[in-house]
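**Student:** First, the structure itself, so that you have it in front of you.
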Protein chains: 2
Amino acid sequence: MLIREATAADWPGIWPFLRRIVAAGETYTWPRDVDEATARRLWLPGPPARAVVAVDDAADGTVLGTAKLAPNQLGPGDHVANASFMVSPAAAGRGVGRALGAHVLDLARAEGYRAMQFNAVVASNERAVALWRSLGFAVVGRIPEGFRHPSRGYVDLLVMHRQL
Amino acid sequence: MLIREATAADWPGIWPFLRRIVAAGETYTWPRDVDEATARRLWLPGPPARAVVAVDDAADGTVLGTAKLAPNQLGPGDHVANASFMVSPAAAGRGVGRALGAHVLDLARAEGYRAMQFNAVVASNERAVALWRSLGFAVVGRIPEGFRHPSRGYVDLLVMHRQL
């Protein structure tokens, strides 16, 4: 796969699986019925945020996944990055999330960030938690019952962090 | 003092001390040179956010402090409130922060939130940390060196939380 900066032309390849992931309501603190214009504004807000896509370079350039990088806070907190990731369910098991994670960590270093923080990793999303741990993140906070999971009820949200 | 819903007419009474607090760069993760239009949009974004002011009912209605209440996350995370507080330095020592805190906790309960979370309490802001502890909040997370303090260098940010 190839990972490159996302362009406006990539949105039609992102929206179908992003919508599906958000609608499932298991991993993202977005409105489950988010409309396309809002989703696009949230995912591709423009500078200082950056977005990348992982595309299938052996096939037709299908978008396999996408990631967003942005300051987690503003002003005196803007040296800590935040990042978000969406992988197409059709591309599960191909290492897209890990490749995007490694890429975005490098990108964040290149942009001058000193650390990266995730604010709301759903504790029941065990694959994501394990992936981020394997990429050097530690759990630095836990919001008790911060997330309403559609089948598990209230579950915790984790704050995860690593220095860069 | 009287605490009531903020209106557009309160902004001229809020902006001078809000600007001063943000410019000091010791407690808020906002751009220190925030312009007035951005500050107003951040502080008074409209529903579902709520804003209140504490005014001096023994004098001329001077704004002593203000607080903002909003969902901390969207969608499956929107049952947890976030709140922010600004107290005019001219009104320090009068219990304005505590009164606003208690008021906003009641307001959050009335709005149906299940918990309240602060994402970025500057660890060196010891009075704020002590106030929130006395109002029932616990530290549930710590972001190492998440804040660039103008005189203390990098200091931690605390995530604080309480059930409602």
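Bear in mind that the values in this text are calculations on the coordinates, not laboratory data. Worth saying up front: this structure is predicted, and the values here are computed from it rather than measured. Using ideal geometry, Cβ is built from the backbone for each residue, glycine included, and neighbour counts are taken over all protein chains shown.
**Student:** Select from the range A:1-53 the residues that are of a type in the set (Gly, Ala, Ser), out of contact with any strand residue (DSSP E or B) (no Cβ under 9 Å at 6 or more places or on another chain) and more than 22 Å from A:Val104 (Cβ to Cβ) and list them in ascending order.
**Tutor:** Across the range A:1-53, the qualifying residues are A:Ala23, A:Ala24, A:Ala37.
**Student:** For residues that are crowded, with 16+ Cβ neighbours inside 10 Å and farther than 15 Å from B:Asn82 by Cα, scanning just the range A:146-155, find the one that is farthest from the other protein chains (Cβ to nearest Cβ).
**Tutor:** My answer is A:Val155.
**Student:** Take B:Val159 and tell me if it is crowded, with 16+ Cβ neighbours inside 10 Å, facing chain A (nearest Cβ under 9 Å) and of a type in the set (A, V, I, L, M, F, W, C).
**Tutor:** Criteria met by B:Val159.
**Student:** Only helices (runs of 4 or more DSSP H) wholly contained in the range A:31-145 count here; list those with 2 or more residues that are surrounded by 16 or more Cβ atoms within 10 Å (Cβ to Cβ) and within 14 Å of chain B (Cβ to nearest Cβ).
**Tutor:** Hits in the range A:31-145: A:36-43.
**Student:** Determine whether A:Ser134 is of a type in the set (Ser, Thr, Tyr) and farther than 22 Å from A:Ile3 by Cα.
**Tutor:** So A:Ser134 does not fit the description; no.
**Student:** A further question follows. Condition (residue is within 13 Å of chain A (Cβ to nearest Cβ), surrounded by 15 or more Cβ atoms within 10 Å (Cβ to Cβ), within 16 Å of the chain's Cα centre (by Cα) and not in a helix (DSSP H, G or I)) applied to the range B:12-25: is it met by at least one residue?
**Tutor:** Within the range B:12-25, one or more residues are within 13 Å of chain A (Cβ to nearest Cβ), surrounded by 15 or more Cβ atoms within 10 Å (Cβ to Cβ), within 16 Å of the chain's Cα centre (by Cα) and not in a helix (DSSP H, G or I).
**Student:** Count, please, the residues in the range A:28-86 that happen to be within 21 Å of B:Pro76 (Cβ to Cβ), touching a residue at least 24 places away in the same chain (Cβ under 8 Å) and of a type in the set (Asp, Glu).
**Tutor:** Here the count works out to 0.
**Student:** Continuing with this model, one more query. Specify the residue that is nearest to B:Val96 (Cα to Cα); the eligible residues are those in the range B:1-11 that are out of contact with any helix residue (DSSP H, G or I) (no Cβ under 8 Å at 6 or more places or on another chain) and part of a helix (DSSP H, G or I).
**Tutor:** The selected residue is B:Asp10.
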